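Below is one structure; the comments refer to it alone.
The values are calculated or read from the model by the stated rules, or taken from the named source; none is laboratory data. Computed from a prediction, not measured in an experiment: that's the story for all the values here. In this analysis, Cβ positions are derived from the backbone assuming ideal geometry, glycine residues included, and neighbour counts consider all displayed protein chains. Surface accessibility is based on the protein's heavy atoms, side chains included, excluding ligands, DNA and RNA. Shrake-Rupley method; radii C 1.70, N 1.55, O 1.52, S 1.80 Å.
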Amino acid sequence: MPTVLANVNDLLEKRVLEETGEYASTGGRKAKSIGINKSYCHAMGILITANHIEMVLVNLGDEIIKKDRIRLKFTAELSYCTEVAQKVKTFLEGKLAKDTLLGIGVAIPGIIDQKERIVLKSHALGIENYSLRFLEQALEIPVYFENDANAAMLAEKKQKYPNAIYLSLNHTLGGAFCIDGKLFRGQNQKAGEFGHMILVPGGRKCYCGKSGCADAYCAASVLTQDNRQSLDAFMEKIESGDEKNLQTWNEYLDHLAVLISNLRMAYDMDIILGGDVGGVLSDYMIPLGEKVMAYNGFEHDVSYLKNCSYKKEASAVGAAKYFFTKHMVEL
């Protein structure tokens, strides 16, 4: 008890913890409740896509206290980095004390060499061996770079999902997985590229050049007709009973069920359904679960299927949360 009190008092003095109220009296002095001081520090997260940047400001309670999405077409020119830095400066103006901002996490759709600060390859952005050094310098704040699917996995609570797969069902299909609360990256930083597992041999052409990849059947682009309509518009047609779109949706769930079953058999972990489609699947878990069980004769329930914690901003939040983990270790 003396050690616990000493540690608690130390964290109270540092303002990491704060008094949050009192418990009912049991006869003596009322006991005080103590919790995390959410405003103790903040971190910013950015998701870079081909046509937008998404920005979030997150507090120590993992709460998004500000967010914005701006149309900004990616280009490999240095002027793009300068423009991103200016957008960040505007986003942060007047929101918090500068000394509470730990850093900026940047999520990018591509394979990243974190040590060398290089995007080795990104189909989504159309770049290869692209240096991130200038962007890092332009931001003038400690920066952490992460693959977008890995960042989305980091947005989930490690205590809740120490061993889990994250399926990022965005315009393209990404993935990541944690073992004992740590991202598993593989020998060449390519672990979790579930989108390019062959799902239908000789099937639809994938943007990577192969045929039959899971991405060609399970990415959000299958439902949005490659962004010719929004996902919200597609789901509205589903809810209204549109026959053509219902057929597309059922075929989509069929292919997703095959992918899920294969991943469960290979890794025997919880599977978190994230990304744009993951955000709408919470209302369709029963039909999806029935399809998954039809392909998996070894299990009689799909309780391992989980809905993501953040429906829209997962990658940006996860990139930001890196700094909280790093800071707490340093404390």
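Between amide H atoms placed 1.01 Å from N, distances below 5 Å from Ile272 occur with Ile165, Tyr166, Leu167, Lys306, all of them 5 or more places distant or on a separate chain.
Over the chain, what is the relative contact order in percent, taking alpha-carbon pairs closer than 8 angstrom and at least six residues apart?
Numbers: 617 pairs, mean separation 59.3, N = 331.
Computed value for the chain: 18 percent relative contact order.
Note that the chain presents 52 Å² accessible area per residue, ligands and nucleic acids not counted, probe 1.4 Å. Extending 7 Å from Cα along the Cβ direction at Val4 and again at Ala31 yields two label points whose distance is 0.8 nm. Highest average first, the peptides 72-82, 51-61, 150-160 ordered by how many other beta carbon atoms sit within 10 Å of their residues are 150-160, 51-61, 72-82.
Between Glu83, Glu193, Glu299, the GNM of the chain built on Cα springs shorter than 10 angstrom shows Glu299 fluctuating the most. Taking only the C-alpha atoms of the stretch 143-289, the Rg (one decimal) and the largest Cα-Cα distance, Dmax (whole number), read 15.3, 48 Å. Here, the chain has an Rg and a Dmax of 21.7, 75 Å when only alpha carbons are counted. Here the chain has 50 percent of its accessible surface on carbon and sulfur atoms, given a 1.4 Å probe and all protein chains in place.
Computed over the stretch 255-331, the alpha-carbon pair-distance distribution with 10 angstrom bins reads 17, 40, 25, 14, 4, each value a whole percent. In units of the compact-protein estimate 2.2 N^0.38 Å, the stretch 1-139 shows a Cα radius of gyration of 1.45.
Quick check on the chain: of the DSSP beta bridges with both residues there, what percent are antiparallel, nearest 5%? Don't skip to the end; give the middle numbers.
Numbers: 36 of 54 bridges.
Just about 65 percent of them are antiparallel.
Arg264 contributes about 30 Å² of solvent-accessible surface, heavy atoms of the protein only, 1.4 Å probe.
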